[in-house]
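The structure under discussion appears below in the form of structure tokens.
The numbers here are math on the coordinates, done by the rules we state, and not lab data. Worth saying up front: this structure is predicted, and the values here are computed from it rather than measured. All Cβ positions, even for glycine, are placed from backbone atoms using ideal geometry, and neighbour counts span all protein chains on display.
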Amino acid sequence: MISVQKAMEKAVELIKRHDYARIVSHYDADGITSAGIICNALLQREIQFHTTIVSKLEDSFIQGLKDPLIIICDMGTAQLDLISAHLSEKDVIIIDHHTPPLTSPTPINELVSSLPASFALINPYLPDSDHEGVRGREGEGGGEEEKEIEGDICAAGLSYLVARRLSSNGRGNIDLAGLAVAGTLGDKLRMDTGTNKMILDEGIKEGVISVEKGLKLGDGKIRDLILFSTDPYIPLAGKVEWVDAFLKRLDIEGDRNIGDLDEEEERRLTAALLSLSSESNAGAAINRDALVGDMYILNAEVVRRGIDLMRMVDACGRFGKAGVGIGLCLRDGEMIEAAVSLYMQFQSKLVSELNRIESGEGIIKELPAIFYFYVQERGVTGILDGIVAEYLYPAKPVIALNMKTRDEKGARAETKISARCSKKLIAEGKEGGIDLAKAMEKASKEVGGFGGGHPVAAGASIPEGSEEKFIATLDRIIGEQRKKIL
């Protein structure tokens with residue numbers, strides 16, 4: 001199997017043959033920043049492009065791709081058979097960090113070995129991958145020592161490594177490191193270790209990124225930040241009068257910008273938020289590291305706080321306005337107002353759902369191995385599920401179901417499902433145990449759907465009407481997984 005390093009070099013050579021590219025990427029923060037990195041790298045080489053952001057790769061969509069060069073980001077490994085069958089005469093680059101499906105009719109090694117010569121598959125999580133791929137260098141054709149990819153890496157990180165090799169100037173596209181950081185934050189991966197740290201460190205060295213210590217609430221008015229704080233989840237979220245009373249007790253003006261707090265005021269606010277969390281009815285109190293720590297300032301981007309950029313582009317994608325998110329990644333300051341508005345709409349939906357869950361009995365249902373619930377709002381399922389799993393019901397994996405009737409002619413109704421695990425559960429099972437990607441894939445297949453993702457975060461789509469069977473099957477599978485760690 002070709003190494004990740006060789007696949008990146010091949011991808012660069014494929015791109016250089018063209019003056020136009022079609023980019024296809026996933027609609028979340030990692031997917032949009034991945035596409036944004038590739039767009040910027042192509043612009044730097046004066047290569048034109050057209051970008052499409054999608055929620056999934058469907059057969060009909062793949063068949064409709066007619067461009068000579070196609071770059072797929074943050075997806076593609078699970079659809080390798082379809083891509084190979086329909087696009088065999090195209091130059092195709094796949095930049096993905098998802099593990100291959102377990103139940104593919106053709107083993108992944110066979111699929112990879114039979115790929116057309118015009119394909120470059122970049123995925124460090126393929127079986128037998130040697131995880132090569134990181135090259136520390138200045139500009140094109142540098143000669144520093146090769147390093148293996150270390151730790152978990154997202155698609156934006158991989159796209160950045162490709163962009164570094166594609167550069168035709170002396171800086172080597174290092175200015176795109178901030179977008180890689182935003183994508184990494186979106187997928188909740190660690191920044192302080194492995195390849196992610198290498199990307200961060202070279203961004204800091206070049207002045208592209210700065211690191212500050214402080215509250216991880218983002219930028220803006222203190223009152224609004226608390227009112228809409230869902231990750232970290234503050235029990236005051238959505239409760240206007242409670243927020244005002246809380247800030248009044250602290251003698252802190254809510255309309256002040258959080259960056260204007262002095263050291264003593266920030267210390268007082270931090271202590272009060274931590275105390276509030278520990279006294280609430282939430283399943284898990286916020287730990288200090290979730291609330292206070294490193295904040296990444298992206299000096300080359302129009303939205304400078306990494307957490308804010310991540311949240312905005314994610315909201316853009318989930319509301320079907322991915323063009324606004326791509327615009328932010330292309331450093332179009334005129335997109336900021338629209339992105340902020342979309343983010344606030346998104347947070348309002350999240351807060352509404354969280355308040356409903358906290359106040360209503362019977363909304364969260366419990367089975368032996370899982371919790372599950374039905375989501376009312378559209379577009380927030382995965383993010384909401386992650387918050388519930390981490391802060392409200394951390395003892396078991398949490399499954400969120402969102403019933404959605406599709407309007408396309410001939411398309412069946414389907415239910416979208418998200419599965420999330422708290423960090424505590426994953427830590428308990430680090431030597432083998434809970435793997436939501438495997439569980440979702442198996443359970444969805446049994447009811448005629450499909451699913452997959454990551455061990456800590458996975459998704460599925462199943463036919464409408466199969467929800468009860470799916471949940472029972474998933475509970476059994478995860479129960480079997482949990483036995484390994486109990």
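Using alpha-carbon positions, what is the distance between the centroids of the range 9-74 and the range 441-479, in Å?
30
Name the residues whose placed amide hydrogens come within less than 5 Å of the amide hydrogen of Phe119, ignoring near sequence neighbours (fewer than 5 apart) on the same chain.
When sequence neighbours closer than 5 places are left aside, the close amide H contacts are Val92.
Lysines near Lys10 by alpha-carbon distance under 30 Å, same-chain residues fewer than 8 away left out - which ones?
Straight-distance partners of Lys10: Lys56, Lys66, Lys90, Lys147, Lys188, Lys197, Lys205.
Would you mind classifying the range 360-482 by shape? Square roots of the alpha carbon gyration tensor eigenvalues, ordered a ≥ b ≥ c; an a/c under 1.5 is rounded, otherwise it is prolate if a/b is larger than b/c and oblate if not.
Cα axes put the range 360-482 in the prolate bin.
Output wanted: per-residue J couplings in Hz (rounded whole) for the range 214-230, from phi through Karplus 6.51 cos²θ - 1.76 cosθ + 1.60, θ = phi - 60°, x for Gly and Pro.
Once rounded to whole Hz, the list reads x, 5, 8, 9, x, 10, x, 6, 4, 4, 5, 4, 6, 4, 10, 7, 10.
Give me the extension gain from Ser461 to Glu377: residue separation times 0.36 nm, minus the current Cα-Cα distance, reported in nm with one decimal.
28.6 nm
Ordered by residue, what ³J(HN,Hα) values in Hz, to whole numbers, does the range 183-197 give under the Karplus form 6.51 cos²θ - 1.76 cosθ + 1.60, where θ = phi - 60° and Gly and Pro are x?
Going residue by residue, I get x, 5, 4, x, 8, 6, 9, 5, 9, 9, 8, x, 5, 4, 5 Hz, with x marking Gly and Pro.
Would you mind classifying the chain by shape? Square roots of the alpha carbon gyration tensor eigenvalues, ordered a ≥ b ≥ c; an a/c under 1.5 is rounded, otherwise it is prolate if a/b is larger than b/c and oblate if not.
oblate
Let me have the 222 nm mean residue ellipticity of the chain computed from DSSP H runs of 4+ only, each contributing -39500 (n - 2.57), with the sum over all residues rounded to the nearest 500. Could the numbers behind the result be given before it?
On the way: 19 runs with 204 residues, N = 486.
Rounded to the nearest 500, it is -12500 deg cm²/dmol.
Report the charge-dipole magnitude of the range 360-482 in Debye, nearest 20, computed about the Cα centre from +1 at each Lys and Arg Cβ and -1 at each Asp and Glu Cβ.
It works out to roughly 200 debye.
Check the straight Cα-Cα distances from Lys248 and name the lysines below 16 Å, setting aside those fewer than 8 residues away within the same chain.
Within reach: Lys221, Lys239.
Which of rounded, prolate or oblate describes the range 238-381 when judged by the alpha-carbon gyration tensor and an a/c cut-off of 1.5?
Numbers: a/c = 1.92, a/b = 1.10, b/c = 1.75.
The shape class here is oblate.
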